[in-house]
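Read through the structure below, which is laid out as structure tokens, and then see the notes.
The values are calculated or read from the model by the stated rules, or taken from the named source; none is laboratory data. Given the structure is predicted, the values throughout are model-derived calculations rather than measurements. Ideal geometry is used to build each Cβ from the backbone, glycine not excepted, and the neighbour counts take in all protein chains shown.
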Amino acid sequence: MKEELKEKRPLREELTGKYPPFIDQPPIRGVGGDYQPVSVHGEDRLEHQVSAAAAHMLVEHLFTPGTQEVPGVEYAVEYKLAQGRAGGDIVDVYQFDNESVAFSVADISGKGVQAAIHASMIKYGLRAYASIGLVAETVLRSLDRLYLENSAYEGSESFATVFFGHVDKKRRNMVYASAAHNSALIMDLGQAPRQLEVTAPLLGVFDDQQHLFNQMIIPLFADSILVVVTDGVTEARTEGYEFFGLARLASVMERERRQPMANLAHAIITEALAFAGGRAHDDMAVLAVRFTGREPSA
């Protein structure tokens, strides 16, 4: 039995030979340097530190690369861990054989290893359902079923918000579905940012019903910019409980619209942190995408 296991190819090798090529995932900007163990006293200290380190490692490997250019698309990802245990924020970017590209951002309830494991289930669930050709609304509905079944098995009450967008570069549009993820903005050239509507409920909460899951199609133009963040950004708050909010997020988008997406993503995190007095009360994740319609530079 041991010899048979040794002879088996790694799962990643099997997948890359059988399914659409996904973008590789080295550690992203902001994850490795921001993690600091939290001081916990008593018998729970070692368990807490092990849990925090494991969750951090899972999050680091789940995130897509911080900055990368694929044909027709420039994107950047930035992530800031909250003080304490890592949570369940996740950002993923991947492309298919037909050159279409998918983007996903999810915010999972809870903290620590369990939230990171649920983030992994969401990431690869989205990839699997999208890879077999399901449309955006059906991708989220299928993921909702999976999430409900897993919660029933675990006896947990986990839930998640998810944004999933599938970009057809030939048709120059994006079909998206948003499960209660209301912090997504699109900005066309010469226009102000506008919020993308929610099309579905929280995942893992309601019994499966087809009419609850919908999708929308939006046109994409040269230099259209998409920004999707988790609520750690929009709900960054002052001591007086004033929130950073979507209006400030839109303001940063407008000011940085001519900058590389890495600059935009970094500016969003930096300004949200500064607004909150330098303290991240919740994990912050940012996906910034510019649709260029051009081939990546050599």
Discussion item. If I filter segment 155-162 for residues that are touching a residue at least 40 places away in the same chain (Cβ under 8 Å), buried (at least 24 other Cβ atoms within 10 Å of the Cβ) and hydrophobic (A, V, I, L, M, F, W, C), do I get at least one hit?
Written reply: yes
Worksheet, complete the sentence: Of the listed residues (HIS118, HIS181), the one being surrounded by 23 or more Cβ atoms within 10 Å (Cβ to Cβ), part of a loop (DSSP other than H, G, I, E, B), on the phi < 0 side of the Ramachandran plot and at pLDDT 85 or above is HIS181
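Considering every residue within segment 169-176, establish whether at least one is among the hydrophobic types (A, V, I, L, M, F, W, C), closer than 24 Å to LEU126 by Cβ and not in a helix (DSSP H, G or I).
The answer is yes; a qualifying residue exists.
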Worksheet entry | The lone exception for VAL198 - which of (1) part of a loop (DSSP other than H, G, I, E, B); (2) more than 21 Å from HIS118 (Cβ to Cβ); (3) of a type outside the set (Asp, Glu); (4) under 17 Å from the mean Cα position of the chain (by Cα) it fails | (2)
Item to complete: Consider only pairs whose beta carbons are under 6 Å apart and that are at least six residues apart or on different chains; among these, list those whose first residue lies in segment 214-235 and is within 19 Å of MET284 (Cα to Cα) and whose second residue is surrounded by 19 or more Cβ atoms within 10 Å (Cβ to Cβ) and β-branched (Val, Ile, Thr).
Response: LEU226/ILE186; LEU226/VAL289; VAL228/VAL105; VAL229/VAL286
Practice prompt. Give the residue, chosen from SER109, SER100, that is among the small types (Gly, Ala, Ser), modelled with pLDDT of 85 or more and farther than 17 Å from SER183 by Cα.
Written response: SER100
Item to complete: Quick one: count up the residues across segment 128-159 that are under 30 Å from ALA247 (Cβ atoms) and modelled with pLDDT under 95.
Response: 1
Item to complete: Go through (1) under 24 Å from VAL289 (Cα atoms); (2) surrounded by fewer than 22 Cβ atoms within 10 Å (Cβ to Cβ) one by one and return the number of the condition ALA152 breaks.
Response: (1)
Discussion item. I need a count of the residues in segment 62-97 that are at pLDDT below 80, in contact with a helix residue (DSSP H, G or I) (Cβ under 7 Å, 6 or more places away or on another chain) and closer than 21 Å to ASP223 by Cβ.
Written reply: 1
Worksheet item: Of all the residues that make up segment 102-124, how many are over 23 Å from VAL233 (Cβ atoms) and touching a Phe, Trp or Tyr at 6+ places or on another chain (Cβ under 8 Å)?
Response: 1
Item to complete: Filter segment 253-298 down to residues that are surrounded by fewer than 15 Cβ atoms within 10 Å (Cβ to Cβ), among the basic types (Lys, Arg) and not in a loop (DSSP other than H, G, I, E, B), then give me how many there are.
Response: 1
Worksheet, complete the sentence: Flagged in segment 236-252 as part of a helix (DSSP H, G or I) and free of Cβ contacts under 8 Å to residues at least 24 places away in the same chain, in numbering order, are GLY245, ALA247, SER251, VAL252
Worksheet item: List pairs: first in segment 121-141 and touching a residue at least 40 places away in the same chain (Cβ under 8 Å) and over 13 Å from PHE103 (Cα atoms), second in a helix (DSSP H, G or I) and aromatic (Phe, Trp, Tyr), Cβ under 8 Å, 6+ apart or cross-chain?
Response: THR138/TYR129
